[in-house]
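Let me begin by presenting the structure, written as structure tokens, before commenting on it.
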Amino acid sequence: MIKITITQIRKELGKNQPFSFKVSAEELGLNEEQFSVEEDVLIDGLITNKGTVLEVTGKINARLEQCCSRCLENMVTVLTIPFSEEYREIELKRNEENSDSEEINYFSDDEIDITDLIRESILLAEPIKPVCSETCRGLCPKCGANLNINTCGCNPTKIDPRLAVLGKLLSKD
Ligand SMILES: [Zn+2]
Ligand SMILES: [Zn+2]
């Protein structure tokens, strides 16, 4: 659980207070199948008292262990993920029952738990198709050799230049 103590800041309108955490994937509730972090995740941020809400902003630094989507070698992706969220005191909720308050986060005690915010931010930022390098040549479709390391004896298929252009466009997503 990653909790920011707000005992002081909630009383001080307009003030801000820095925070920083170093947490493991386990503490974030991320299991290894979902995601593998190479080192602890670093979180730095600032909490600001804006009157009706406390604003939490900052950035996450995480090193993910992934497989290259082309050559399947292990690789490390370094992510810097910004986050920003507002939290409102739970007592204020009763007055707003009819407004669409689904997007609003609430706090009740002297702590704000940002575990979910951090976990969701990392999962959203995780690259779906990571590549170890933009120039990664991938695996030979015939024999499976890693073409970054060695060339195999298979004949490279001749590609129509017009199709090659199309291929480039498709791989840009
Ligand atoms: Zn690769
Ligand atoms: Zn081959």
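Here are the numbers:
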{"item": "Identity of the residue in the range 49-67, under 14 Å from E85 (Cα atoms) and out of contact with any helix residue (DSSP H, G or I) (no Cβ under 8 Å at 6 or more places or on another chain), that ends up surrounded by the most Cβ atoms within 10 Å (Cβ to Cβ)", "result": "G58"}
{"item": "Residue that is modelled with the lowest pLDDT [pool: residues in the range 128-167 that are within 18 Å of C68 (Cβ to Cβ) and among the aliphatic types (A, V, I, L, M)]", "result": "I128"}
{"item": "All positions within the range 134-149 that are more than 8 Å from ligand 1 (Cβ to nearest atom) and among the small types (G, A, S)", "result": "G144, A145"}
{"item": "Candidate set from the range 33-49 (those that are among the hydrophobic types (A, V, I, L, M, F, W, C) and assigned to a strand (DSSP E or B)); member that is farthest from L117 (Cα to Cα)", "result": "V37"}
{"item": "Unique residue being in contact with a helix residue (DSSP H, G or I) (Cβ under 7 Å, 6 or more places away or on another chain), in the same structural domain as E126 (by TED's automatic domain parsing) and outside any strand (DSSP E or B) when the list is L13, L30", "result": "L30"}
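The values are calculated or read from the model by the stated rules, or taken from the named source; none is laboratory data. In this text the structure is predicted, and so the values were computed from the model without any measurement. Quick reminder, even Gly has a Cβ in these numbers, built from the backbone with ideal geometry, and neighbours come from all protein chains shown.
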